[in-house]
1. Please specify each residue of region 127-144 satisfying the condition of being open to solvent by 30 Å² or more (accessible area, probe 1.4 Å) and in a helix (DSSP H, G or I).
2. Does Leu57 satisfy the criteria of being touching a helix residue (DSSP H, G or I) at 6+ places or on another chain (Cβ under 8 Å), outside any helix (DSSP H, G or I), of a type in the set (A, V, I, L, M) and open to solvent by less than 90 Å² (accessible area, probe 1.4 Å)?
3. Can you find a residue in region 38-50 that is open to solvent by 50 Å² or more (accessible area, probe 1.4 Å), out of contact with any Lys or Arg (no Cβ under 9 Å at 6 or more places or on another chain) and at pLDDT 80 or above?
4. So, in region 100-119, how many residues would count as being in contact (Cβ under 8 Å) with a residue 40 or more places away in the chain and open to solvent by 40 Å² or more (accessible area, probe 1.4 Å)?
5. Determine, yes or no, whether Leu26 is surrounded by 10 or more Cβ atoms within 10 Å (Cβ to Cβ) and out of contact with any helix residue (DSSP H, G or I) (no Cβ under 9 Å at 6 or more places or on another chain).
6. If we keep just the residues of region 239-282 that are of a type outside the set (A, V, I, L, M, F, W, C), within 18 Å of Asn60 (Cβ to Cβ) and modelled with pLDDT under 80, which is most open to solvent (accessible area, probe 1.4 Å)?
7. For Val89, all conditions in the list (1) aliphatic (A, V, I, L, M); (2) closer than 27 Å to Ala217 by Cβ; (3) without any contact (Cβ under 8 Å) to a residue 24 or more places away in the chain hold save one; what is the number of the exception?
8. For region 218-238, give me each residue that is under 25 Å from Leu138 (Cα atoms), in a helix (DSSP H, G or I) and open to solvent by 20 Å² or more (accessible area, probe 1.4 Å).
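The values are calculated or read from the model by the stated rules, or taken from the named source; none is laboratory data. From a predicted model like this one, the values you see are computed outputs, not experimental measurements. Quick reminder, even Gly has a Cβ in these numbers, built from the backbone with ideal geometry, and neighbours come from all protein chains shown. Just so you know, the surface numbers come from the protein's heavy atoms only, side chains and all, with ligands and any DNA or RNA stripped out. Shrake-Rupley method; radii C 1.70, N 1.55, O 1.52, S 1.80 Å.
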Amino acid sequence: MSQGTVNPVFRMFFKFILIAWAVCVLYPLIWTILSALKDNQQFFLGKPWDIPKLPLLWSNFSYVWGKYNFGHNFMNSLVVTLVSTIFGVLLSATTAYVIARFTFRGNGLLYYSYLSYMMIPTFLGIIPLFFLLNDLHLTNNLFGLILVYMVTAVPFAVFVLVSFFKSLPSELEEAASIDGASHYGIFFRIMLPLAKPGLMSVAIITVLNIWNEYVFALVLINDPTKYTIPVAIAVMQGEMQYRTEWGPLFAALIISMGPTIVFYSIFQKQITGGITAGALKG
């Protein structure tokens, strides 16, 4: 059935469903933004969903940024996310390239070993991981957390990137090899740039996952000065509920959500386009 012959009733029904879904998604975000601009009196004397009264308390953002050292936590998350993503994607790209372009015994076993990790719940490995990092003196250390994030990002990235590298024409490798290029030169100068759509998709998804990760950061870090944003917000929530500082708590949530919303809004086409292209090429 072509688009022109679709029943108008069904078309209106689908539009209604999409609009209703958009409202369900946007309402909590808008409510959180409005709540971040209220004082405590408005929370307790008015209704929680009322529009904030003037003047709007933009000071809630500066208060939580300085009073609760949230700026430091923000920088911790930023450093951990960027470093983990850069090295995690590079490690994934080299692994996926070898699996996709080289034939050797155990190739398939290696590939499916990476994929099998995605079927293992995180909580099953958190205890042995903690003892391992503790023996290596990497607990309560941002470097240890970066290593964990970097390694855990590899399986999904390998799954996506193998399809990209398999789809690249072998003639490019042969021509570069004839010209005297080494395996490293072929990878970094030819194959890696051609796999840019897949690399972008993997990098963006990795950034979003690491920025919002909570379990590893909670278990491996116990120094408040080294908290990442998810752990810092959880700790602040426990303190603020007794101080009744709900406005600053919502302000902290907005600060934590802001980078991911902007990041996803800018790169959403690369996310969907890159994964779709990888699936079709595979």
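1. Ile127, Pro128, Leu129, Phe130, Phe131, Leu132, Asn134, Asp135, Leu142, Phe143
2. yes
3. no
4. Final tally of qualifying residues: 3.
5. Judged against the criteria, Leu26 is a match.
6. Top of the filtered list is Tyr242.
7. Failed condition: (3).
8. Within region 218-238, Leu218, Val219, Pro224, Thr225, Lys226, Pro230, Ile233, Ala234, Val235 meet the criteria.
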